[in-house]
Amino acid sequence: GAVRASLLRYKFGGATGYAKVYGRLVADTVRAELAGEYDLVTWVPLSRRRLRERGYDQAYLLAKETARHWGIEPVRLLRKTRNNAAQSGLSSAAERRGNVLGVYEAENTDRIRGAKILLIDDILTTGATLGECVRVLREAGAADVVCATLARAVTEKEKDGARRGTPV
């Protein structure tokens, strides 16, 4: 309810100031769960067209605010090479995987080679976007890629279990 509405305002509604609070949440969680697991911080970038339409890249803002809590700057390691359909408009995991296949390219490959990378995105649904970005970074020579997101979508199975009061 309220959390979903907040995330949608951040992602689509211009509520860029939310990045400060969200960045703190991600930074604290990563510090507790992934300390020492990465050398560089990067993000899942928007296409140039979507960036122009929206006016900001919410994953970049999240990565920047997260990294600020550690006194570092995120490094651009990926570029989105084409404006594919929005993942939110696709229903199946297979459609989402196909939609992102080949749309990202590695940048700054000299920084990627041998590095352990923390990849930040805003919302995890099926994992298709993160999976494709991890594949590209590993092909470019990353030693390891760990991912952090602000939120993850609840699956239908989890929704059904919650309605019945049963653990999933």
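Each reported figure results from applying straightforward, stated rules to the coordinates on display, with no laboratory input. Computed from a predicted structure; not experimentally measured.
For region 1-69, just say rounded, prolate or oblate: build the C-alpha gyration tensor, square-root its eigenvalues into a ≥ b ≥ c, call rounded for a/c under 1.5, and beyond that prolate if a/b exceeds b/c, oblate if not. Write down the numbers at each step before the final one.
Working: a/c = 2.56, a/b = 1.41, b/c = 1.82.
In terms of gyration-tensor shape, oblate.
Near the amide H of Val145, under 5 Å away, which other amide H atoms are found, from residues 5 or more places off or on another chain, if H is placed in the peptide plane?
Result for Val145 returns Ile117.
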